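Notes follow the structure.
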Amino acid sequence: MIWQQYQPTLLALSIVLLSGCASNINSQQREQAPNNVPQQWQQKTSAPVLHVQQQWLTQLQNPQLNKLVEQALKNNQQLLQSSYDVAIQKQQLIVSGAALWPTLDLSARTSRSKNNRPISYNNASSVSLNLGYEVDLWGKLSDSNRQANLNYLAQQARFEQAKQQLVADVVKGWFDVVTAKQLLDLYKRREANALQNLDIIESGYRQGLNEALDVYLARNELNNERSRIATQQASLLTTARVLERLLGDYPKGIISANNDLPVINTDIPLGLPSELITRKPTLRANWYQLLASDANLAYAHKQRFPSLNLTASLSDTTDRVSDLFSPSSLAWSLLGSISAPIFNGGRLKANEEIARLNSQKQEQQYLQTLYDAFSDVENAITLQQSLKAQYTSTLEAQENALAAEQLSFEQYQSGLVSYTTVLDAQGRSFDAQSSLISIKNQLIANRVNLHLALGGDFANTSTELQSNSNEN
């Protein structure tokens with residue numbers, strides 16, 4: 001009797017004490033930018049310290065490429081999957097938020113039964129309206145809803161990163177096709193040149209001016225050029241198919257490009273390392289995911305606290321459906337209940353520890369992604385400087401090699417050098433020309449990668465990619 005008398009008081013006191021304990025548990029304060037973030041990029045560059053510019057895709061001034069990007073954003077299957085992930089996460093947010101609201105259920109039932117001894121028939125009809133509500137006493141449901149919100153924001157950021165990556169891949173894929181086409185044209189010009197040389201040498205051989213060895217070497221060179229053409233034609237088709245798959249098309253290899261490769265001759269503003277943290281979508285996604293893991297930890301911790309549930313019902317039972325909800329027969333009930341876990345074999349404690357470890361793991365993943373992003377920018381800056389130096393040297397080497405090739409063949413016809421000297425000069429000329437095409441493509445790809453590493457949005461960032469007809 002004494003226990004029953006003081007039981008409500010003790011229960012209320014326990015709730016107050018637990019509420020005090022819960023209020024002392026604060027979420028871990030996190031900083032989005034670590035203390036060791038550098039103030040400037042380590043790699044020295046002449047780029048101005050300004051915010052990353054906008055609309056880099058439009059600076060290419062290539063309407064055909066813009067149409068391909070639009071097609072990819074509309075039809076790419078992987079991007080569409082990512083958009084559905086965002087939509088699914090949005091619905092998960094609604095599901096999580098519904099827990100903060102009461103539930104209202106309506107149920108109805110009617111039945112008819114027969115008794116044999118004595119024979120009789122019974123009718124029964126019932127209807128009930130039930131209201132349920134869990135009081136968010138410790139903020140547990142709010143933590144769950146906060147986690148769903150952060151997961152939704154993270155998925156949105158991942159979708160933005162997927163769009164930027166797709167556009168970058170389409171741009172690089174397009175210029176890969178242009179590069180493959182230019183190399184194919186180069187090989188065909190080399191074939192025509194080799195065929196012309198063979199005709200001259202065979203004519204000289206028939207006149208007794210050249211040796212048979214020169215004829216064999218010229219024929220071998222022509223066959224080599226034709227072999228390169230066959231290989232490059234297959235490479236062009238493969239490159240075109242890769243681009244077509246990015247566009248969401250069946251890979252037919254029918255995309256053709258006759259454009260020139262633009263030449264990069266200016267630097268772009270790189271911004272500050274600290275700005276990268278909030279600008280790059282993949283870093284924002286990992287940050288939101290880290291905060292979501294903290295909210296999940298708070299939820300797992302509060303699962304060990306009592307739950308307060310309120311229920312109310314309105315019901316009626318009668319033998320005739322028409323008498324349902326008669327004011328004189330309605331029954332109602334109102335109930336408040338508190339349930340608290342006492343013994344569960346350590347399950348709730350283990351779930352909390354799992355959530356804590358996942359939070360620590362997510363923190364390390366965020367830091368890894370952050371430092372990888374810094375490394376990508378530094379590497380792109382270094383590679384850009386190296387490629388620009390290579391381009392200048394290779395451009396000069398190409399001019400010298402073309403002059404040497406022409407001079408060596410003239411000297412061969414004059415009998416001053418052997419044909420092996422001509423082949424050596426032609427090989428150097430070929431290497432210089434193909435290297436120049438490759439370096440120009442690498443410069444473009446690296447510039448696109450740099451914009452991607454800086455978190456530049458194709459629709460809101462800019463590049464200084466320009467075509468310099470004087471340096472082709």
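All of the numbers you see were taken from the coordinates with simple rules; none came from a lab. As the structure is a prediction and not an experimental result, all values here were calculated from the model. For neighbour counting, all protein chains shown are included, and Cβ atoms are generated from backbone atoms with ideal geometry for every residue, glycine included.
Okay, here's what the table says:
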item: Pair list, Cβ < 8 Å and 6+ apart or interchain, from region 107-119 residues that are assigned to a strand (DSSP E or B) to residues that are among the β-branched types (V, I, T); result: S107/V127; A108/V127; R109/V127; T110/V321
item: Condition broken by I338, with the remaining ones in (1) out of contact with any Pro (no Cβ under 6 Å at 6 or more places or on another chain); (2) outside any helix (DSSP H, G or I); (3) farther than 30 Å from N123 by Cβ satisfied; result: (1)
item: W174, sole failed condition from (1) in contact with a strand residue (DSSP E or B) (Cβ under 6 Å, 6 or more places away or on another chain); (2) crowded, with 20+ Cβ neighbours inside 10 Å; result: (1)
item: Residue satisfying all of: in region 58-106; assigned to a strand (DSSP E or B) and loosely packed, with under 11 Cβ neighbours inside 10 Å; nearest to the chain's Cα centre (by Cα) among these; result: D105
